[in-house]
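Here's the structure, in structure tokens; my notes come after.
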Amino acid sequence: MKQHIVRIALGLAVMLLFVGHAGKFYNIGLISRLDNIMYDTRLALTMPGGVDSRVVILDIDERSLDKNVLGRWPWRRDKISALLKKLFDEYGVVIIGFDVVFAEPDESSGLPVLDKLAKNKLKDVGQFQSALNDLRPELDYDMIFANTLKGRPVVLGYYFNSEENAVQSGAIPEPVLPAGTFQGRNISFTSWRGFGGNLKEFQATAANAGHFNPLVDPDGVSRRVPILAEYNGAYYEALSLAMIRVLAGYPKVEPGMPGERFVSKGYSGLEWLKAGPVTIPVDENVSALIPYRGKRGSFKYISFADIYADKVSKEELKGKIALIGTSAPGLLDLRSTPVGSVYPGVEIHANMIAAMLDNDFKQKPPYMLGAEVVLLLVGGIALALLVPLLSPLKATLASLLALALIIGLNVLVWTKGGLVLPLASSLLMTVLLFALNMSWGYFVESRSKRQFTELFGQYVPPELVDKMAQDPEKYSMEGKSEELTVLFSDIVGFTSISESLEPKELSQFINDYLTSMSLVIRSNRGTLDKYIGDAIMAFWGAPVADAEHARQAVISAMAMQTELDKLREQMVARGWPAIRIGVGVNSGQMRVGDMGSKLRKAYTVMGDAVNLSSRLEGLTRVYGVGILVGMNTRRIVKDIVFREVDRVKVKGKDEPVDIFEPIGIEGQVDKKVMDEIKLWHKALRAYRAQKWDEAEMDLFNVQRMSPECKLYQLYFERIKECRADPPSPDWDGVTAFKTK
């Protein structure tokens with residue numbers, strides 16, 4: 001864990017970056033844009049599609065605006081009145097909502113001019129005054145329209161604006177909730193500075209009115225409608241809610257705020273609005289997500305040209321909710337939405353009305369902010385702590401699993417709970433944490449590994465280099481004292497062999513030999529120290545600690561002899577001499593580290609235990625064995641069968657040391673060989689007890705089991721010498737060597 005502290009700290013910093021964005025401490029534009037894209041994708045994949053027949057759109061389209069039909073907009077109010085009467089009285093429409101504003105008087109009849117004449121030039125002409133009064137009801141188109149609205153379920157539309165020099169024109173309805181309703185709660189309502197309303201007489205006679213201001217996100221797309229908008233401290237309803245309330249008999253709008261016993265006192269979120277049977281979930285801005293049911297055309301469009309020409313059957317409109325709006329490009333009510341870049345604004349209200357009828361909205365309540373923060377904290381901490389500890393493959397699998405869980409949870413709450421949980425932050429955080437760790441591994445840890453490879457790669461097996469690179473602080477080339485095991489090997493009679501080969505052949509010969517032996521050593525976790533001509537020096541237990549360093553060294557020595565048997569056949573087949581090697585192995589306390597001069601250094605071992613190993617390698621020729629092992633090594637290794645060879649004093653040492661030949665792993669040595677070793681040890685005990693006859697008889701019997709064994713012949717000769725020149729009674733059976 002310690003070596004990964006920097007990566008973990010960076011991972012936690014990345015996590016906090018995303019938590020800060022989710023917690024609204026700052027805004028990262030890229031994340032917000034990606035969240036919008038992901039929301040639009042989820043919406044597009046799960047829209048119900050089809051056409052909702054309950055709501056129709058009466059379209060002020062290009063055909064309606066033809067001069068031979070109804071003409072350019074705005075139409076005369078008397079024509080609109082006639083159309084309204086036809087829609088209610090003949091077609092049976094249940095309610096009509098206007099997605100247009102009647103902000104200016106209709107003077108197309110010329111009545112204002114006649115009034116001016118009546119007040120000035122013709123004020124004394126009684127007949128003119130009388131005729132004008134008789135014609136006024138027919139020429140006052142605004143009064144005709146106002147009277148048509150009276151008593152009919154017609155909901156007018158108006159708009160708010162937030163321009164710097166916003167003005168208030170026309171009239172808007174009374175607020176559905178008065179100023180001060182939400183006093184003490186920090187709710188982020190959409191607030192406006194001005195409005196554009198309808199003429200006062202229209203507002204006074206209409207059944208209701210609502211604003212038609214969908215919110216436009218920074219990317220220019222309309223995804224939400226403020227169900228309540230704030231103006232001068234009071235709260236005004238959207239057009240869709242105003243129509244639903246008229247249909248439901250004007251129920252009050254009731255704010256839905258969780259009680260204090262269910263949430264912390266600091267939570268000030270308004271989670272829903274209720275109006276009679278309708279419950280509308282709202283977000284932190286008291287807006288509702290527009291529940292688009294499909295692309296443009298999810299509601300039936302009926303051209304006013306067809307209504308005007310009586311080309312529409314009554315069944316198409318009877319009992320329907322009607323919205324009057326425009327799809328004509330020239331009237332500028334086309335918007336960018338998640339389901340289309342050119343989308344009539346009137347169809348947004350149709351989607352809202354349909355969702356209110358079904359109580360079917362996607363919800364993004366204020367507490368989803370807390371849910372996202374918790375998800376980022378839990379996931380971010382888990383990944384920041386876990387990924388640095390894993391291998392690249394496991395880290396990749398863990399990150400992919402995290403992505404799958406995040407997407408799965410998001411889809412689950414979307415489809416089953418109708419909740420909108422932001423997705424971009426979690427996905428980006430997971431990807432960034434993965435990329436950070438992989439980059440760190442590649443640029444930082446791989447550099448560390450390269451440094452270790454440069455330092456230790458020529459000595460240590462690759463798997464040990466990998467282990468060292470995981471925790472580089474634990475390893476260095478500084479000198480220290482450790483109990484290790486060292487191995488020396490040498491080719492018997494190499495001088496004469498080298499003289500018999502051409503230089504090119506000798507080079508190939510020695511390269512093949514050293515390569516084969518080195519691979520054996522490395523495969524058993526040995527550290528290659530150096531080559532000295534044909535000699536090999538290796539040790540175990542450093543730089544990576546190994547509790548089984550002695551066993552690994554003995555196993556390597558035996559494996560080298562086995563590998564040499566295979567290599568010898570290949571060499572003989574090429575016409576090269578058959579070779580034998582001697583191997584000495586010893587364990588003990590020794591100095592290990594980077595040693596040498598200012599000109600050249602090497603990572604090596606030094607000490608008496610090292611020197612003894614070298615002496616043991618030389619003694620293999622004397623005893624005719626392939627491997628000799630010191631007493632310290634024999635004492636440490638428990639599961640290998642050894643044959644005791646002798647008790648010796650090597651040159652430069654006063655203390656005698658028992659030496660042994662490793663035969664094989666316990667349980668894998670043939671019974672005949674075990675019997676031979678047992679008999680040999682009996683002969684050796686008789687020899688050291690100066691029982692020459694008994695020793696000679698045992699030697700004779702054991703030699704019959706292995707006639708070619710040089711060791712037995714050596715002891716026959718020693719017994720002969722001892723008979724000729726008996727040793728002293730306190731003789732300990734030690735053989736002293738004066739040369740290396």
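Okay, here's what the table says:
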{"quantity": "Any hit, the range 322-343, residues being outside any loop (DSSP other than H, G, I, E, B), closer than 21 Å to Ala82 by Cβ and aromatic (Phe, Trp, Tyr)", "calculated": "no"}
{"quantity": "Per-region count, the range 373-420, residues surrounded by 19 or more Cβ atoms within 10 Å (Cβ to Cβ) and either touching an Asp or Glu at 6+ places or on another chain (Cβ under 8 Å) or polar (S, T, N, Q) (or both)", "calculated": "2"}
{"quantity": "Qualifying residue in the range 596-615 (condition: within 18 Å of Lys530 (Cβ to Cβ), of a type in the set (Asp, Glu) and outside any loop (DSSP other than H, G, I, E, B))", "calculated": "no"}
{"quantity": "All positions within the range 524-579 that are part of a strand (DSSP E or B) and within 25 Å of Ser507 (Cβ to Cβ)", "calculated": "Leu528, Asp529, Lys530, Tyr531, Ile532, Ala535, Ile536, Met537, Ala538"}
{"quantity": "Residue among Ser108, Ser162 that is of a type in the set (S, T, N, Q), over 20 Å from Glu237 (Cβ atoms) and modelled with pLDDT of 70 or more", "calculated": "Ser108"}
{"quantity": "Options Leu83, Leu58, Leu34; residue that is more than 30 Å from Gly220 (Cα to Cα), touching a helix residue (DSSP H, G or I) at 6+ places or on another chain (Cβ under 7 Å) and crowded, with 17+ Cβ neighbours inside 10 Å", "calculated": "Leu83"}
{"quantity": "Any hit, the range 88-101, residues being β-branched (Val, Ile, Thr), under 25 Å from the mean Cα position of the chain (by Cα) and modelled with pLDDT of 90 or more", "calculated": "no"}
{"quantity": "Leading residue by the ranking (modelled with the lowest pLDDT) among those in the range 645-658 that are out of contact with any helix residue (DSSP H, G or I) (no Cβ under 6 Å at 6 or more places or on another chain) and part of a strand (DSSP E or B)", "calculated": "Lys649"}
{"quantity": "The listed residue being touching a Gly at 6+ places or on another chain (Cβ under 8 Å) and not β-branched (Val, Ile, Thr), out of Tyr687, Tyr712", "calculated": "Tyr687"}
{"quantity": "Whichever residue in the range 689-722 is surrounded by fewer than 14 Cβ atoms within 10 Å (Cβ to Cβ) and charged (D, E, K, R) and, among such residues, is nearest to Leu628 (Cα to Cα)", "calculated": "Lys710"}
{"quantity": "Options Val94, Val51: the member that is closer than 23 Å to Lys150 by Cβ and touching a residue at least 24 places away in the same chain (Cβ under 8 Å)", "calculated": "Val94"}
{"quantity": "The range 300-353 - residue that is without any contact (Cβ under 8 Å) to a residue 24 or more places away in the chain and among the hydroxyl-bearing types (Ser, Thr, Tyr) and, of those, surrounded by the fewest Cβ atoms within 10 Å (Cβ to Cβ)", "calculated": "Ser313"}
{"quantity": "Residue match in the range 496-511 (condition: assigned by TED's automatic domain parsing to the domain that holds Gly582 and outside any helix (DSSP H, G or I))", "calculated": "yes"}
{"quantity": "Among the candidates Gly667, Gly596, residue that is modelled with pLDDT under 95, loosely packed, with under 14 Cβ neighbours inside 10 Å and closer than 18 Å to Ala538 by Cα", "calculated": "Gly596"}
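Results for (1) free of Cβ contacts under 8 Å to residues at least 12 places away in the same chain; (2) outside the structural domain of Gly370 (by TED's automatic domain parsing), shown as yes or no for each residue.
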{"position": "Ile8", "(1), (2)": "no, no"}
{"position": "Ala13", "(1), (2)": "yes, no"}
{"position": "Gly29", "(1), (2)": "no, yes"}
{"position": "Asp35", "(1), (2)": "no, yes"}
{"position": "Glu62", "(1), (2)": "no, yes"}
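The values are calculated or read from the model by the stated rules, or taken from the named source; none is laboratory data. Model, not experiment: these values are computed from the prediction. Note that we place each Cβ from the backbone using ideal geometry, even for glycine, and neighbour counts take in every protein chain shown.
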